Structure formats: structure tokens, C-alpha cells
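Accompanying notes for the structure given below.
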Amino acid sequence: MPTDVSHDLVSELLLGMRLVGVQYRRIELAPPFGLAFGEVPGRAQFHFVGRGPVVLRARDGDLHRLETGAAVLLPQGGAHALLSAPDAPCTDVAALESRSLCATVCALGAPAGEAAPGGDVLVFSGCMEFDLGGMQPLVGAMPEIMRVGMLLDRYPELRPMLEAMARESQARRAGFAGILARLADVVSALIVRGWVECGCGDATGWVQALRDPKLAGVLLAMHRDPGRNWSVAELAAVMGASRSAFAERFLAVTGMTPLRYLAELRMRLAAQWIGRDREPIEAVALRLGYGSLAAFSRAFKRVAGRPPGALRAQARAAEPA
């Protein structure tokens with residue numbers, strides 16, 4: 001992102017990023033093996049190879065060799081497999097017996113306390129909540145597989161984190177499972193940030209707005225003040241263009257009208273504040289500029305497909321007893 005306004009927009013968007021592991025597996029298996037990971041919509045999947053190599057077979061059949069120390073993030077949670085060799089038969093990873101290491105980490109493979117044979121493969125895998133808040137449209141633009149190796153030269157701070165993960169995964173010292181989970185969260189977040197800061201790869205469509213300083217300024221204004229009653233004319237003034245020229249450019253780049261984008265942004269933020277942050281629905285409605293709870297509820301249901309109360313009930317049901 002070469003311009004200051006684009007950099008500001010990226011920083012603003014990344015403030016809302018939430019990438020937190022909800023389930024981790026420490027997998028230690030002797031070849032030959034094949035583990036199939038099913039699709040998990042709305043969640044990302046992460047793999048770190050503590051002792052390799054491993055072959056990752058993507059949903060489209062492409063093969064990716066992962067050496068020791070490699071880390072990959074699948075932001076869209078697509079189906080894939082980890083294999084000891086390209087032709088190894090697969091077993092659903094969910095069908096394997098596991099044992100708990102801590103609240104969010106389980107182990108598959110070598111029994112606890114037993115030394116694994118030197119030829120065993122060791123992988124630390126995670127399934128993560130992937131909430132990008134205001135930048136949620138970027139998820140669909142991300143590649144199916146994001147490899148940390150592409151970022152090591154630009155972000156050298158990743159290397160000691162990967163080395164720490166390798167040590168923790170192999171040594172199995174006290175508390176290693178929880179430490180690995182936190183390191184995996186951070187490494188995954190850095191992969192996402194690196195992709196965004198490097199220009200979002202070859203992604204097109206909505207991402208073009210991040211690269212256009214004038215449109216980036218408009219998006220930044222909406223993200224910083226989503227509760228303002230923006231008109232198309234006011235947004236056009238931010239861009240420094242006529243109302244018609246702005247509306248045409250915005251639609252061409254993002255695929256939606258400015259007011260539709262604002263409505264969806266508001267409802268993504270509302271879902272985050274109500275479901276994740278447990279804010280009162282009335283407070284969220286006021287924060288987003290709605291004069292009444294009824295008006296907010298109608299807008300939320302129109303965009304999200306359900307009333308905000310249903311989201312609140314779901315969030316409460318998910319809370320630990």
C-alpha cells in the first residue's frame with residue numbers, strides 16, 4: 001500500500017481482526033498416513049510442521065510439500081488433506097481417537113509419555129474463529145492456502161516464533177500445548193497482516209479500493225464513523241468527485257453501491273459487537289446511528305437474515321455453563 005491513506009485504511013481494518021484458535025491438535029504419526037480435513041465454513045485452518053516433511057493436498061488436487069518449520073493458513077477453511085506421500089490413502093481426522101492435553105488442545109498419535117520413533121511426522125493443527133470485522137470482504141479474496149515462507153524475508157520476526165513452535169512441539173515441556181496454541185494464533189494473524197500489507201497478492205475486485213487512494217479515503221471515513229448518516233454526496237466530496245462519478249467508480253470497484261456497502265459494514269460491526277463483545281443491542285443501535293431499536297432490527301434482519309436478538313441468544317447459548 002504505497003499511500004498514507006491506504007496505509008491508514010489497512011491499519012484501521014486490521015484493528016478489527018480476530019483470529020483465535022478454538023480447537024488444536026498435536027498430531028504425531030508414522031508414515032504411511034493420510035488425514036482428511038473437512039470444510040469448516042466461517043473458520044480458518046492452520047498447520048505447523050514440527051517434524052516433516054508433509055504433503056498438503058488442496059481442495060483442487062494441487063500438492064504442496066511442507067518441510068520442517070513450515071506453517072500454512074487456509075483462511076476459508078476449505079477441505080484438504082495432509083499426507084505422508086501423494087498416493088497415501090486418507091482417513092478423516094475427526095474419526096481418530098484423541099486425548100486431551102488442555103482445554104483447547106488434543107493429541108493424536110503417540111501415547112502420552114512415550115517417545116515417538118525418529119521417523120514420525122509431527123504436525124500442530126488448529127481450527128480458528130476468523131472474524132475480520134470491517135474487512136470481512138477480504139476473506140473471499142484471499143488465496144486458498146497462505147504459506148508463511150513467502151513472508152520470512154519481509155517479516156524476520158516470524159522466524160523465532162516458528163523456531164519456538166518447533167521446540168515446544170517436540171520437547172513437550174510443561175504447558176507446551178497452551179503455548180503452542182497462542183503462538184499459532186499470533187503466526188496466523190501475522191500471515192494475514194503480511195498478505196494485506198503486501199498488497200493482497202493478485203486479488204481483484206473489492207481489494208482495488210485499498211489500492212486507490214481516493215476510494216481508500218472514502219472507505220476510511222466510513223469505517224471510522226459508521227454511525228454517521230452518510231449521503232452519497234458527502235462521500236463523493238470526501239473523494240473529491242461529482243456524485244455520479246463517485247457512485248459509478250465505487251460500484252465498478254466494489255460491486256455494490258456506497259450505501260449498500262455502508263449498510264453491510266454496519267451489520268458486520270453490529271454482529272461483532274453483539275455476538276463477540278456482548279454489547280447491549282440498544283447500545284449498538286445507537287452507536288451505529290439508528291434512531292430506534294425497531295429501525296436497527298429491521299436493517300439487521302434485512303442484511304443478516306435474522307434479528308439481532310437471535311444472534312444474542314446464540315451467543316448466550318455458547319457461553320460456558
- request: Please give the contour-minus-distance gain from ASP225 to HIS64: 0.36 nm per residue of separation, less the Cα-Cα distance, rounded to one decimal in nm.
  value: 53.7 nm
task: Filter the trypsin sites (Lys or Arg not before Pro) in region 221-321 down to the DSSP loop ones having no more than 16 other Cβ atoms within 10 Å, then list what survives.
output: ARG228, ARG278
query: With the dipole of region 212-318 worked out from charges on the C-beta (+1 for Lys and Arg, -1 for Asp and Glu) around the Cα centre, which of PRO258, ALA295, GLN314 lies farthest toward the positive end?
result: GLN314
message: Between ASP120 and ARG182, what is 0.36 nm times their sequence separation minus the Cα-Cα distance? Round to one decimal in nm.
response: 19.9 nm
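Which order do TRP230, TRP195 fall in if you start with the one that has the fewest other Cβ atoms within 10 Å? Kindly include the intermediate steps, with their values, before the conclusion.
Values: TRP230 18, TRP195 21.
The most exposed by this proxy come first: TRP230, TRP195.
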Label point distance in nm, ALA174-ALA103, each placed 7 Å from Cα along Cα→Cβ: 2.0
message: Considering only C-alpha atoms, what is the centroid distance from region 275-301 to region 53-78, in Å?
response: 40
- line: Simple SL model, points at 7 angstrom along Cα→Cβ for ALA95 and ALA252; separation in nm is 5.3
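With +1 on each Lys and Arg Cβ and -1 on each Asp and Glu Cβ, how big is the dipole of region 17-197 about its Cα centre, in debye rounded to the nearest 20?
Values: 17 positive and 19 negative charges, 75 e Å.
Charge dipole of region 17-197: 360 debye, to the nearest 20.
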statement: Per its Cα gyration tensor (rounded if a/c is under 1.5, else prolate when a/b beats b/c, else oblate), region 33-95 is best filed as oblate
- prompt: In a shell of Cβ-Cβ distance under 14 Å around LEU96, excluding LEU96 itself, what net charge do Lys and Arg (+1) and Asp and Glu (-1) give?
  reply: 0
message: Over region 212-318, what portion of Cα pair distances is larger than 18 Å, expressed as a whole percent?
response: 50
- request: Read phi for every residue in region 68-80 and hand back ³J(HN,Hα) as whole Hz from Karplus 6.51 cos²θ - 1.76 cosθ + 1.60, θ = phi - 60°, with x for Gly and Pro.
  value: 3, x, 7, 9, 9, 10, 10, x, 9, x, x, 5, 6
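Take GLU279, GLU97 and order them by how many other Cβ atoms sit within 10 Å, fewest up front.
GLU97, GLU279
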- request: Consider a paramagnetic label point 7 Å from the Cα of ALA283 along Cα→Cβ; state which residues of region 251-276 have an amide N under 11 Å from it.
  value: 274
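Taken together, the values in this text are just the output of simple stated rules run on the coordinates, not laboratory data. The shown structure was predicted, so the numbers you read here are calculated from the model rather than taken from an experiment. For neighbour counting, all protein chains shown are included, and Cβ atoms are generated from backbone atoms with ideal geometry for every residue, glycine included.
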